[in-house]
Amino acid sequence: MIEIEDLPELHDPVMICAFEGWNDAGEAASRVIEHLGELWDAETVAAIDPEDYYDFQVTRPRVINQGQGRGIHWNTTRILLASPDSLGRDVLLVTGIEPSFRWRAFTTEILDLAASHGVTTVITLGALLADVAHSRPIPVTCSSEDEATAYRYELEPARYEGPTGITGVVADGATQAEMVSISAWAAVPHYASQVPCPKASLALLAQLEDLLDTVIDHGDLEEEAQAWERGVDELANTDEDVAEYVSALESAQDTSELPEASGDAIAKEFERYLRRRGDDTSGPA
């Protein structure tokens, strides 16, 4: 780990991670970290030395103009520090490209930094291609192995078995290090997987609002999501087979979500809405 700046003592810090590549369909997860970094004026405080973790023939360095001459920019994973007033706690944002080698050592470096600065909760973000309709809300699956956390936020138990990416390795490493590990995955329509997918980023951001009990400025994501959906509408309408397929997905998704429209589910959703906004629903008499 290359520490660029000395980290001060952090207040109740949480770590949020996303990695480009296999874990990041539609660049949805990495876009969330980028958005938070800009919104919260995050500053880079550390970076992974890329020498031992990246295949430079796959993740090639870039020549850039540095103002006083050209230099080499090495792609790697960076850790940024944000201290948003609205949240009342510090946030370490981890952003980078999925490494090529030595995933366990890579994960250990990140989690050692987290533990040494008091992080007790690690949130990993990911996005995958799925059979979902672009015209419906983007499903986000959020899970945790920690029973108290799962109960508090009504999270699902992790059931996935199969190949995983660095996001899964970091999440498991956090659990093994006795940190609270929460994973949130957005489902990106596989027929509209061109990047970026701002609607999926927006869905992940809304999930983070629940997990952090705060309101996060969405910036331009809402307008971008609407424009993305209109663009996919136009594309689907030009092909009768695609339009028919999308209609079938819409029907299946609508049917699967019908049981959630119970009175209890609506009440719980309203409670979450109030909690995120600090119960500030009063208006002029």
Filtered GluC sites (Glu not before Pro), the range 123-170: DSSP coil and at most 13 other beta carbons within 10 Å: E154, E161
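Given a 1.4 Å probe, how much area per residue of the chain is accessible, in Å²?
Value returned for the chain: 55 Å² of accessible area per residue.
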Pairwise label distance in nanometres, I64 with R104, each label 7 Å out on the Cα-Cβ vector: 3.4 nm
Debye, to nearest 20: dipole size of the range 24-174, +1 on Lys, Arg Cβ, -1 on Asp, Glu Cβ: 420 debye
The chain: most fluctuating residue of G162, G37, G126 per GNM, C-alpha cutoff 10 Å: G162
For the range 155-168, Karplus couplings with θ = phi - 60° (6.51, -1.76, 1.60), whole Hz, Gly/Pro x: 8, 8, x, 5, 10, 5, 10, x, x, 9, x, 5, 4, x
Value of [θ]222 nm, deg cm²/dmol, for the chain, DSSP H segments ≥ 4, -39500 (n - 2.57) each, nearest 500: -12000 deg cm²/dmol
Shape call, the range 65-161: gyration tensor on alpha carbons, a/c limit 1.5: prolate
Percent carbon-and-sulfur accessible area, the chain, ignoring ligands, DNA and RNA, probe 1.4 Å: 48 percent
Sparse-neighbour loop sites [chymotrypsin sites (Phe, Trp or Tyr not before Pro); the range 88-164; at most 16 other C-beta within 10 Å; DSSP]: F101, Y160
Per residue convex hull volume, Cα atoms of the chain, in Å³: 185 Å³
FRET efficiency for I2 and E240, using Cβ-Cβ distance with R0 set to 45 Å, rounded to 0.05: 0.25
Check: the chain dipole with +1 on Lys, Arg Cβ and -1 on Asp, Glu Cβ, in debye: 500 debye
Highest-MSF residue in the chain out of A42, A227, A186 [GNM, Cα springs under 10 Å]: A227
Globularity ratio of the range 1-122, using Cα Rg and 2.2 N^0.38 Å: 1.08
Rg(Cα)/(2.2 N^0.38 Å) for the range 199-260, N = residue count: 1.43
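The values are calculated or read from the model by the stated rules, or taken from the named source; none is laboratory data. Remember, it's a predicted structure, so these values are computed and weren't measured experimentally. So basically every Cβ, Gly included, is an ideal-geometry build from the backbone, and we count neighbours across all protein chains shown. Just so you know, the surface numbers come from the protein's heavy atoms only, side chains and all, with ligands and any DNA or RNA stripped out. Shrake-Rupley method; radii C 1.70, N 1.55, O 1.52, S 1.80 Å.
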